[in-house]
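The values are calculated or read from the model by the stated rules, or taken from the named source; none is laboratory data. Keep in mind the model is a prediction, meaning the values are calculated, not measured. Note that we place each Cβ from the backbone using ideal geometry, even for glycine, and neighbour counts take in every protein chain shown.
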Amino acid sequence: MSTQFGYQINYSTTPSSPPRVDPDAPLYASEDGVVASLSNNECIFQVKRSGETHVMTYQVLQALDQTRQFRSLDEHVERVMGSITGLAGQREGVLRVFEGLVNRGLLVSATSFVQRCAEATARSPAPLRGVFIRACDRPDQLAHLLASLSDYERRHRANRHYVLIDDSSSRDAANRHRDLLREFARATGCKLTYVGATEARRLAERLARAVPAAAPVLAGFALGEDKAGRFGGGRAWNLMLLLSAGARAVLLDDDHRLPLRRLDEARAGLDPDLSHHGVTRFHRNLDNALAAGSEVDGDPFELHLAALGQPLGALTQRAAYALDPASLRGLALNRLDHLRGDAAVLATQHGSYGSSRTDSTLWLYQLPPEQRAEFVRDRDSYLRNMEAGSIWYGQVQASAQPTANFSPFALDNSVLLPCTNPSGRGEDALFSNLVSLCHPDALALELPLAIGHVQETQRKRSTLTFSAHTPKFNYFVTDFVRRQLPQLNSSDPAQRLAVLVAHLRDVAGSSPRGAVQQLREYLAYVRSDLIERLQHQFDAATDAPIYWQADVRSIIEANGKALLANAAPRLGDWPAGGDDAGCARLLREETTQLATLCEVWPALWAHARDQGERLLGAV
């Protein structure tokens, strides 16, 4: 046990005016810890990070509690003197206590924190297996993507291996995709692999022979055969994970376009504040959005690949990801637990320019004030902006996050990465949260870059925005993982995934009444949470135009009515018009299917990793 802190601040001096706060003074924040009572006057404080224990008076503990955020010692003194009674005129005594806390390591300087984050060495990266492209019935979109990739290859001569995973239900579209690939091969000389329905079926049969227990779920890997007509991006995603097992991979969709671009105000360094919003810019039309910002110098793929698989500490030693001690001002240490030097970057991502990547635009009604002002600038632009068909969304500084917000650009699949649900939208959010479940210390690094995103037609997103918020099944599971799973202790990702399997089977084992109750509680939670957030926005935006205020009220009312209605608890991708029994049946069926896939996934992934390049070569 460390030296006791028994300071008593009980003497008096002549009051003096507060000193001017030096903005360049060193910053300090208190360590997070747990407290146990020792006596009426003393307690034991155990530092969570190191396990060290300290004895201190409750008065010192109260002062320590007021110093959670990184600020200068003078600022901490002012805060403590203003919040704890009886300390008027005792500046020197309070400052002496803080200096003792600094000497004992209970107050950590921002410089020390940054140095601690940088304590890691670079690792040899896993090989790059290929650039995987998900395609589905959109030859025109794929043609644009391949044209931009052809330009990339001509300029950078990267000679990468491209793998097209084709989930087209139309034979004509699939044939056109093959023709486009052949043209791309002639233009670039790059190695290409096509994975369509036939190839995926052959791969599933091969995997079933190697892992017989997985045979029942491998039928869900069949491409172009979803009789329910639901989005099947997860099928291609899971195939990509198996074909790249043991290596790194880049993931593109057929509606993406190069080049990667950055905003003019983008800057180097790592932003430690997870509460910062990305930058949203609105443009008059799609062409303006596609021309915004500036093209990245050098090979844009290498910017991602150079960071992928590296520990955060090794990255912060580079100028591009340096962590500035001054950027920690106002942040509490317990909000920076993700910034560990040994935390591996398992995914990289970026923003997008062009069309929004979301079905709904509810997020636009929760923008910070300066971005909301551009969103609602005038009535005509507001009506255009609310569909989010010509926007820029991204970061101006790199950000390391425990989970990714959107589909990753690159993945380090040299360690076990989880599967995602083969069907339904939201497969990217589900995958990201399962990665965090399996690898709780891993990070997704968002670069201050954006990729073009051009959908086949302009979507009217406002219809969904102004309806009652009804998440799809994959978001239901995502929220279940975030909020309802207990704290896990195992360091084995397969064992952590097995805990999820047990909980999914528990959900699937619910009685019809229990399943309906779970769904009702979930929908009530997400809708009431949205109402609360929008109401807060409404109350704060007193200067917002009347048309914005009217629409926010409309969204709140739609969700309020849904909360009061006694309708069947349907999720967003389930058929309309179902009853309680049908919703209970769908919940049990879909959780069972996902649990079965997650249960056999570690064995499938391990076999694919052992096969390595041979598995991709056998397609």
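Here are a few things to note about the model shown:
- When we screen Asn566, Asn559 for residues that are modelled with pLDDT of 95 or more and over 21 Å from Leu500 (Cβ atoms), the only hit is Asn559.
- Among the conditions (1) out of contact with any Leu (no Cβ under 7 Å at 6 or more places or on another chain); (2) surrounded by fewer than 21 Cβ atoms within 10 Å (Cβ to Cβ); (3) of a type in the set (A, V, I, L, M); (4) outside any loop (DSSP other than H, G, I, E, B), Ala468 misses just one, which is (4).
- Within the range 562-599, tally of residues that are assigned to a helix (DSSP H, G or I) and either of a type in the set (S, T, N, Q) or over 18 Å from Val507 (Cβ atoms) (or both): 7
- Qualifying residue in the range 594-613 (condition: under 23 Å from Leu464 (Cα atoms) and among the acidic types (Asp, Glu)): no
- Some residue of the range 230-250 being surrounded by fewer than 20 Cβ atoms within 10 Å (Cβ to Cβ), farther than 24 Å from Ser355 by Cα and of a type in the set (Lys, Arg): no
- Failed item, numbered, when Thr478 is tested on (1) of a type in the set (Ser, Thr, Tyr); (2) touching a residue at least 60 places away in the same chain (Cβ under 8 Å); (3) over 30 Å from Gly293 (Cα atoms): (2)
- Which listed residue, of Arg91, Arg134, Arg138, Arg154, is touching a residue at least 24 places away in the same chain (Cβ under 8 Å) and not assigned by TED's automatic domain parsing to the domain that holds Pro422: Arg91
- Top-ranked residue of the range 108-135 - restricted to ones that are in a helix (DSSP H, G or I) and of a type in the set (Gly, Ala, Ser), ranked as surrounded by the most Cβ atoms within 10 Å (Cβ to Cβ): Ala110
- Within the range 482-519, the set of residues being part of a helix (DSSP H, G or I) and either in contact with a Lys or Arg (Cβ under 7 Å, 6 or more places away or on another chain) or modelled with pLDDT under 95 (or both) comprises Arg482, Arg483, Ala508, Ala515.
- Among residues of the range 262-278, those that are over 16 Å from the mean Cα position of the chain (by Cα) and in a loop (DSSP other than H, G, I, E, B), counted: 7
- Only a single item in (1) exposed (fewer than 13 other Cβ atoms within 10 Å of the Cβ); (2) part of a loop (DSSP other than H, G, I, E, B) is not met by Ala544, and it is number (1).
- Between Glu446, Glu456, the distinction of being farther than 27 Å from Ala222 by Cα, in the same structural domain as Arg281 (by TED's automatic domain parsing) and charged (D, E, K, R) belongs to Glu446 only.
- Here Gly313 does not fit the description of being in the same structural domain as Tyr393 (by TED's automatic domain parsing), in contact with a Gly (Cβ under 7 Å, 6 or more places away or on another chain), in a loop (DSSP other than H, G, I, E, B) and farther than 20 Å from Val131 by Cβ.
- Residue in the range 339-353 that is in a helix (DSSP H, G or I) and either without any contact (Cβ under 8 Å) to a residue 60 or more places away in the chain or hydrophobic (A, V, I, L, M, F, W, C) (or both) present: no
- The range 448-472 - residue that is within 18 Å of the chain's Cα centre (by Cα) and not basic (Lys, Arg) and, of those, nearest to Phe231 (Cα to Cα): Pro471
- Test result for Leu445, of a type in the set (A, V, I, L, M, F, W, C), assigned to a strand (DSSP E or B) and under 12 Å from the mean Cα position of the chain (by Cα): yes
- Tally, over the range 402-429, of residues that are part of a strand (DSSP E or B) and either in contact with a helix residue (DSSP H, G or I) (Cβ under 9 Å, 6 or more places away or on another chain) or without any contact (Cβ under 8 Å) to a residue 60 or more places away in the chain (or both): 2
- Flag if Asp579 is over 15 Å from Ala524 (Cβ atoms), buried (at least 17 other Cβ atoms within 10 Å of the Cβ) and either touching a residue at least 24 places away in the same chain (Cβ under 8 Å) or more than 31 Å from the chain's Cα centre (by Cα) (or both): no
- Residue in the range 9-29 that is in contact with a strand residue (DSSP E or B) (Cβ under 8 Å, 6 or more places away or on another chain), modelled with pLDDT of 55 or more, closer than 23 Å to Ser112 by Cβ and among the small types (Gly, Ala, Ser) present: yes
- Residues of the range 158-217 that turn out to be of a type in the set (Ser, Thr, Tyr) and under 31 Å from the mean Cα position of the chain (by Cα), as a count: 5
- Filtering Pro602, Pro575 for residues that are modelled with pLDDT under 95 and of a type outside the set (Val, Ile, Thr) leaves a single hit, Pro575.
- Filtering the range 373-398 to residues that are part of a strand (DSSP E or B) and under 19 Å from Thr358 (Cβ atoms) leaves Ile391, Trp392, Tyr393, Gly394.
- The one condition from (1) among the hydrophobic types (A, V, I, L, M, F, W, C); (2) under 18 Å from Glu446 (Cβ atoms); (3) part of a helix (DSSP H, G or I) that Ala326 does not meet is (2).
Per-residue answers, yes or no, for (1) assigned to a strand (DSSP E or B); (2) surrounded by fewer than 16 Cβ atoms within 10 Å (Cβ to Cβ); (3) touching a residue at least 24 places away in the same chain (Cβ under 8 Å):
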residue: Leu260; (1), (2), (3): yes, no, yes
residue: Thr280; (1), (2), (3): yes, no, yes
residue: Asp297; (1), (2), (3): no, yes, no
residue: Leu303; (1), (2), (3): no, no, yes
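- Filter result for Ser168 (modelled with pLDDT under 95 and over 24 Å from Ala247 (Cβ atoms)): yes
- Options Pro272, Pro212; residue that is within 24 Å of Leu411 (Cβ to Cβ), modelled with pLDDT of 95 or more and of a type outside the set (Phe, Trp, Tyr): Pro272
- The range 136-168, residues that are part of a loop (DSSP other than H, G, I, E, B), out of contact with any Cys (no Cβ under 8 Å at 6 or more places or on another chain) and surrounded by 15 or more Cβ atoms within 10 Å (Cβ to Cβ): Cys136, Asp137, Arg138, Ala158
- Restricting the range 329-338 to residues that are in a loop (DSSP other than H, G, I, E, B) and in contact (Cβ under 8 Å) with a residue 40 or more places away in the chain, the residue that is farthest from the chain's Cα centre (by Cα): Gly330
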